[in-house]
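First comes the structure, then the notes that go with it.
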Amino acid sequence: MPPQCVFCNINQEEFRLEYLDNEIAVFHDISPSAQFHFQAIPLEHIPNIKSLNSSHIPLLRRLESTARQVLARDSYVALLGPNPQIRFGFHVPPFNSVHHLHLHVLVGPIKTSRKYKYYVSWFATLEDVIRQLEEKPGA
């Protein structure tokens, strides 16, 4: 764990935690780009998507399922309605603001001024990352 990594020292006082167990944390983004914008992170320090291999696919699926569990809470369902627009993805290095793997969970329309951050080549959807890991030979 790098001593400077803000996500390796997660706590309730500094983060608006929605979920925490011994492997994963889900919390509100400090500068939300959508109606709801969460980060789902592994507690293990993984620098970014370039550090992943196929053995990490179950972890990536768990990040997604945990985020979906948070969104399935009554308080969010009431606000989001029956079919919310949800986007899961990662910034592609070197376009990371924090060098600890974090899955962006964007719910609702993305704010117009920030759309470029989540629809260009330096943002990879969760499904694209998993597909690449599945196809990577010897990974």
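The values are calculated or read from the model by the stated rules, or taken from the named source; none is laboratory data. Please read these numbers as outputs of a predicted model, since none were measured by experiment. A quick note on method: Cβ atoms are made from the backbone with ideal geometry, for glycine too, and the neighbour counts reach across all protein chains shown. Accessible surface is based on the protein model in full, side chains and every heavy atom, while ligands, DNA and RNA are left aside. Shrake-Rupley method; radii C 1.70, N 1.55, O 1.52, S 1.80 Å.
Could you tell me which residue of the stretch 91-129 is modelled with the lowest pLDDT, considering only residues that are of a type in the set (Ser, Thr, Tyr) and assigned to a loop (DSSP other than H, G, I, E, B)? Spell out how you get there, then give the answer.
Residues of the stretch 91-129 that are of a type in the set (Ser, Thr, Tyr), as a first pass: 97, 112-113, 116, 118-119, 121, 125.
Then keep just the ones that are assigned to a loop (DSSP other than H, G, I, E, B); that gives 97, 121.
On the way: 97: 81, 121: 62.
Checked the stretch 91-129; the qualifying residue modelled with the lowest pLDDT is 121.
Among the numbered criteria (1) farther than 19 Å from residue 124 by Cα; (2) touching a helix residue (DSSP H, G or I) at 6+ places or on another chain (Cβ under 7 Å), which single criterion is violated by residue 74?
(2)
Say we look at the stretch 24-42 and pick out the residues that are small (Gly, Ala, Ser) and modelled with pLDDT under 95; which of these is most open to solvent (accessible area, probe 1.4 Å)?
Our first condition is that a residue be small (Gly, Ala, Ser); within the stretch 24-42, this holds for 25, 31, 33-34, 40.
Then keep just the ones that are modelled with pLDDT under 95; that gives 31, 33-34.
On the way: 31: 54, 33: 0, 34: 6 Å².
Per the stated criteria, the residue is 31.
Would you say residue 67 is under 12 Å from the mean Cα position of the chain (by Cα) and touching a residue at least 40 places away in the same chain (Cβ under 8 Å)? Step through it out loud before you land on a result.
Values: under 12 Å from the mean Cα position of the chain (by Cα): yes; touching a residue at least 40 places away in the same chain (Cβ under 8 Å): yes.
Criteria met by residue 67.
Which residue, of 68, 87, 62, 73, is basic (Lys, Arg), open to solvent by 30 Å² or more (accessible area, probe 1.4 Å) and in contact with a Leu (Cβ under 7 Å, 6 or more places away or on another chain)? If you could, list the steps in order and put the result at the bottom.
Numbers: 68 fails: in contact with a Leu (Cβ under 7 Å, 6 or more places away or on another chain); 62 fails: in contact with a Leu (Cβ under 7 Å, 6 or more places away or on another chain); 73 fails: in contact with a Leu (Cβ under 7 Å, 6 or more places away or on another chain).
One residue alone meets the criteria, 87.
Any chance the stretch 43-53 includes a residue that's buried (at least 17 other Cβ atoms within 10 Å of the Cβ), over 26 Å from residue 11 (Cβ atoms) and modelled with pLDDT of 80 or more?
Looking for residues that are buried (at least 17 other Cβ atoms within 10 Å of the Cβ), over 26 Å from residue 11 (Cβ atoms) and modelled with pLDDT of 80 or more, one finds none in the stretch 43-53, hence no.
Kindly indicate the residue of the stretch 5-20 that is free of Cβ contacts under 8 Å to residues at least 24 places away in the same chain and assigned to a loop (DSSP other than H, G, I, E, B) and also farthest from the chain's Cα centre (by Cα) among those meeting that condition. I'd like the intermediate steps shown before the answer.
Initial filter on the stretch 5-20 (free of Cβ contacts under 8 Å to residues at least 24 places away in the same chain): 9, 11-17, 20.
Imposing the further condition that a residue be assigned to a loop (DSSP other than H, G, I, E, B) reduces the set to 11-16.
Values: 11: 17, 12: 18, 13: 20, 14: 18, 15: 15, 16: 15 Å.
Among them, the one singled out is 13.
Here are 101, 52: which of them is touching a Ser or Thr at 6+ places or on another chain (Cβ under 8 Å) and touching a residue at least 60 places away in the same chain (Cβ under 8 Å)? Quick ask: steps written out before the conclusion?
On the way: 52 fails: touching a Ser or Thr at 6+ places or on another chain (Cβ under 8 Å).
Residue meeting the stated conditions: 101.
Of 41, 24, which residue is over 17 Å from residue 124 (Cβ atoms) and within 13 Å of the chain's Cα centre (by Cα)?
Values: 41 fails: over 17 Å from residue 124 (Cβ atoms).
Among 41, 24, only 24 is over 17 Å from residue 124 (Cβ atoms) and within 13 Å of the chain's Cα centre (by Cα).
Quick one: in the stretch 96-111, which of the residues that are out of contact with any Lys or Arg (no Cβ under 6 Å at 6 or more places or on another chain) and surrounded by 20 or more Cβ atoms within 10 Å (Cβ to Cβ) is farthest from residue 129 (Cα to Cα)? Outline the logic, then answer.
Taking the stretch 96-111 first, the residues out of contact with any Lys or Arg (no Cβ under 6 Å at 6 or more places or on another chain) are 96-105, 107-111.
If we keep only those that are surrounded by 20 or more Cβ atoms within 10 Å (Cβ to Cβ) as well, we get 100-105, 107, 110.
Working: 100: 16, 101: 12, 102: 13, 103: 11, 104: 13, 105: 15, 107: 19, 110: 21 Å.
So, considering only residues that are out of contact with any Lys or Arg (no Cβ under 6 Å at 6 or more places or on another chain) and surrounded by 20 or more Cβ atoms within 10 Å (Cβ to Cβ), the one farthest from residue 129 (Cα to Cα) is 110.
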